[in-house]
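Colleague: Below is the structure I would like to discuss, written out as structure tokens.
The values are calculated or read from the model by the stated rules, or taken from the named source; none is laboratory data. Since we're looking at a predicted model, the values are computed, not measured. Positions of Cβ are backbone-derived with ideal geometry, glycine not excepted, and every protein chain shown enters the neighbour counts. The area values use the complete protein model at the heavy-atom level, side chains included, leaving out ligands, DNA and RNA. Shrake-Rupley method; radii C 1.70, N 1.55, O 1.52, S 1.80 Å.
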Amino acid sequence: MRLDHPIFKGPLSVDVVLDADHPYMGQGTWLVYSPESGKGSDWGMVSDGHELEDSPDCERISGGINSKGPCAVAIGRQASLLQWGFYGAPDHMTESAKRAFLNAIVYMKQFDGQVPLVKKTSAGRTWLDQYIETLEGMKPEERVPKEKNDLASYLVAKFPAELTKDGVDPARLRKWYQDNEEFLTTAGLDRTMIVDQDLAALKLSNRKSEFLDWLLRAFVEDPQDAMARKLAGRYLGDHGIPDAKAATAYITENRPFLFFTDTGGYHWMVDVNAQRTARVKDATAKKDGK
Amino acid sequence: MRHSLLKAICGAALLLPAPPAQQQHSNDDDAAWRSHRGTRVLYAGFPGGSREKAFQQFLSQWFDKVGVINLEKLSTTTAADYDVVIADWCSQYGNDGYPKREGTLSMPKLHIEHEFTRPVIAMDYVSSNLRSEYKLDWL
């Protein structure tokens, strides 16, 4: 929970009292609403928080008590849409929740006109960390897959088969994850991730700016560089034409606005919202003669 | 599956007694809020019922212009005269006066167009209806 977020800061003051007697993920819990006396609480919704913020249009504001894991997002934003995942209406909200909600209305005004940048097509790589944590919390006998759809089978299937053929050792999985985290990519539309062996051989992260620098250097040295063309095609999204000139132009022209997204398909994209803002600012400055 | 997903979150309910009814705004609140009263807010929700009433009463205390429409009527046109939209729908558990549904979700028939970029606060699972292909969706 980000108590330093603007919705907890103003314009109205918000006195969030964290109940230390009911901790969740090492932090006290914030009571958002109470149901009618004698009636059960209605469930809300959480969204996937793994790499939610891998695109600049998103922010995680608060989690919530849920069954999907500590990364799940109860209050979060993508572009002009804010999810308030709790069900309680104002007549059941606590005073602090009402005030944060009012602040959220004010806060959201600034995002008028912003388009969402990323459609969700794949799972963020930090899911693997959560899978390993889950296995670490299971007894050794529970980690052995027994049925096709049991929890152990589900978790083990997320890792390369050679890592688990002699038994499930979370420490081994964790080392593999740490060694390969920067080289992971999606295996398709499900939540499975694989190691990009080309990146691993180059020891080159696909999500850091060094990747873009590497491509530019490689194309300067040899516009026909086969590996550079392959990686450009794989990671520059729709603009990943495996052509030195097109790839170089795409990177250099959009560099301040490029970001890498796991959840959007493991490729680089342009922050068109920021790009548009910069263009308006430039045009305004020119008009004003600055 | 979807039914189980609805059980994804709760507001740490029943930990404390219900808060007192809305109190009058303090002078500090009035000063802090003065420049925001003019924010135009549209509540788009399940027509009729306790939630629409609760939201309308609450929002009207804080904003000078509050509109109310059926969420299924939300569009670029209906939101044109507002700054922020509250998108809401009813529960299906029958705890608060709305019909209880078994086995199926109570989902609004709604999908806003890509061009709809008016700021929206989506309650509960409504974001999954508004922009189901994006990130704020069922986990």
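Colleague: For the range A:67-91, how many residues are under 21 Å from A:TRP43 (Cβ atoms), facing chain B (nearest Cβ under 7 Å) and touching a helix residue (DSSP H, G or I) at 6+ places or on another chain (Cβ under 9 Å)?
Modeller: 13
Colleague: Every residue in the range A:107-152 that is exposed (fewer than 13 other Cβ atoms within 10 Å of the Cβ) and either part of a helix (DSSP H, G or I) or of a type in the set (Phe, Trp, Tyr) (or both), please.
Modeller: Hits for the range A:107-152 are A:GLN110, A:GLU136, A:PRO140, A:GLU141.
Colleague: Identify, from the list A:SER80, A:SER34, the residue that is polar (S, T, N, Q) and touching a Lys or Arg at 6+ places or on another chain (Cβ under 8 Å).
Modeller: A:SER80 is the lone residue from the list that is polar (S, T, N, Q) and touching a Lys or Arg at 6+ places or on another chain (Cβ under 8 Å).
Colleague: Next up: Exactly one of these conditions fails for A:ASP57: (1) at the interface with chain B (Cβ under 8 Å from one of its Cβ atoms); (2) under 24 Å from B:ALA79 (Cβ atoms). Give me its number.
Modeller: (1)
Colleague: Restricting to the range B:81-118, and then to whatever is under 15 Å from A:ALA79 (Cα atoms) and at pLDDT below 90, can you tell me which residue is farthest from the other protein chains (Cβ to nearest Cβ)?
Modeller: In this case the residue turns out to be B:GLU113.
Colleague: Mind listing whichever residues of the range A:102-123 are more than 7 Å from chain B (Cβ to nearest Cβ) and touching a residue at least 24 places away in the same chain (Cβ under 8 Å)?
Modeller: Hits for the range A:102-123 are A:ASN103, A:TYR107, A:LEU117, A:THR121, A:SER122, A:ALA123.
Colleague: If I ask for residues that are more than 17 Å from A:TRP84 (Cβ to Cβ) and either outside any loop (DSSP other than H, G, I, E, B) or open to solvent by less than 10 Å² (accessible area, probe 1.4 Å) (or both), which ones from the range B:73-90 would you list?
Modeller: Within the range B:73-90, B:LYS73, B:ALA79 qualify.
Colleague: Can you give me the number of residues within the range A:59-80 that are open to solvent by 10 Å² or more (accessible area, probe 1.4 Å), among the hydrophobic types (A, V, I, L, M, F, W, C) and not in a loop (DSSP other than H, G, I, E, B)?
Modeller: Number of matching residues: 1.
Colleague: Just to verify a result, which residue in the range A:212-229, among those that are part of a helix (DSSP H, G or I) and in contact with a helix residue (DSSP H, G or I) (Cβ under 7 Å, 6 or more places away or on another chain), is most open to solvent (accessible area, probe 1.4 Å)?
Modeller: Looking at the filtered set, the residue picked out is A:MET227.
Colleague: Examine the range A:15-36 for a residue that is loosely packed, with under 15 Cβ neighbours inside 10 Å and under 19 Å from A:TYR107 (Cα atoms), and state whether such a residue exists.
Modeller: Taking every residue of the range A:15-36 in turn, at least one turns out to be loosely packed, with under 15 Cβ neighbours inside 10 Å and under 19 Å from A:TYR107 (Cα atoms).
Colleague: For the range A:196-211, give me each residue that is surrounded by fewer than 17 Cβ atoms within 10 Å (Cβ to Cβ) and closer than 25 Å to A:PHE159 by Cα.
Modeller: A:GLN197, A:ASP198, A:ALA200, A:ALA201, A:LEU202, A:LYS203, A:SER205, A:LYS208
Colleague: Sticking with this structure for a sec: Kindly provide the set of residues from the range B:91-139 that are open to solvent by 40 Å² or more (accessible area, probe 1.4 Å), under 20 Å from B:LEU59 (Cβ atoms) and among the hydroxyl-bearing types (Ser, Thr, Tyr), ordered by number.
Modeller: Within the range B:91-139, none qualify.
Colleague: A further question follows. Inspect the range A:169-176 for any residue being over 30 Å from A:VAL144 (Cβ atoms) and open to solvent by 80 Å² or more (accessible area, probe 1.4 Å) and give the result as yes or no.
Modeller: No: the range A:169-176 contains no residue that is over 30 Å from A:VAL144 (Cβ atoms) and open to solvent by 80 Å² or more (accessible area, probe 1.4 Å).
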